[in-house]
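Step one of this worksheet: look at the structure below.
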Amino acid sequence: MYPMIVSVTLTSREEILKYLDFVSTLGAKVSQVSQVEPKVEPKVSQVSQVEPKVEPKVEPKVSQVEPKVEPKVEPKVEPKVEPKVEPKVELTYRDVATVLVELARIKGRDAAVTVLAMFGAKKLPDVAPRDYRRIVDACEAAR
């Protein structure tokens, strides 16, 4: 292979010994072990006392005082909220089939067959397109 240099920093004697044992099992040689003292930056705590500035209390002159004005409160009028009417979307055979398959996946095949039976059908092609919305609603209710 090729020579490889690895630098490892360990914090305790136990870690060093475990690492050396591990390296020796790999067949690698440790060429140099040096011990470096950890750098410790001295903590500097310096407390200085600063006297707070005391500003002289000035009494306002009568001409400087502004009269208090009460804000006018207008009664809240809530806008009338009309219910949203969803436009009727024509459902396709594929849309209804997807809903039925999802019901069968969640509740089982019998649940989907039961919904179809409610409309006198054994399979989806037996259902009239005008009943697609009712089938989808029945599937959602069955969930």
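The values are calculated or read from the model by the stated rules, or taken from the named source; none is laboratory data. Bear in mind that the values here come from a model prediction, so they are computed numbers and not experimental data. All Cβ positions, glycine included, derive from the backbone under ideal geometry; neighbour counts span all protein chains shown.
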For this session: Note down all Cβ pairs under 9 Å where the first residue falls in segment 112-137 and is free of Cβ contacts under 8 Å to residues at least 24 places away in the same chain and farther than 13 Å from Ala97 by Cα, the second is assigned to a helix (DSSP H, G or I) and of a type in the set (Gly, Ala, Ser), and they're at least six residues apart or on different chains.
Result: Met118/Ala138; Phe119/Ala138
For this session: Considering only residues that are surrounded by 14 or more Cβ atoms within 10 Å (Cβ to Cβ) and closer than 14 Å to Tyr132 by Cβ, look in segment 104-122 and name the one that is nearest to the chain's Cα centre (by Cα).
Result: Val115
For this session: Take Lys68 and decide whether it is at pLDDT 70 or above, assigned to a loop (DSSP other than H, G, I, E, B) and of a type outside the set (Phe, Trp, Tyr).
Result: no
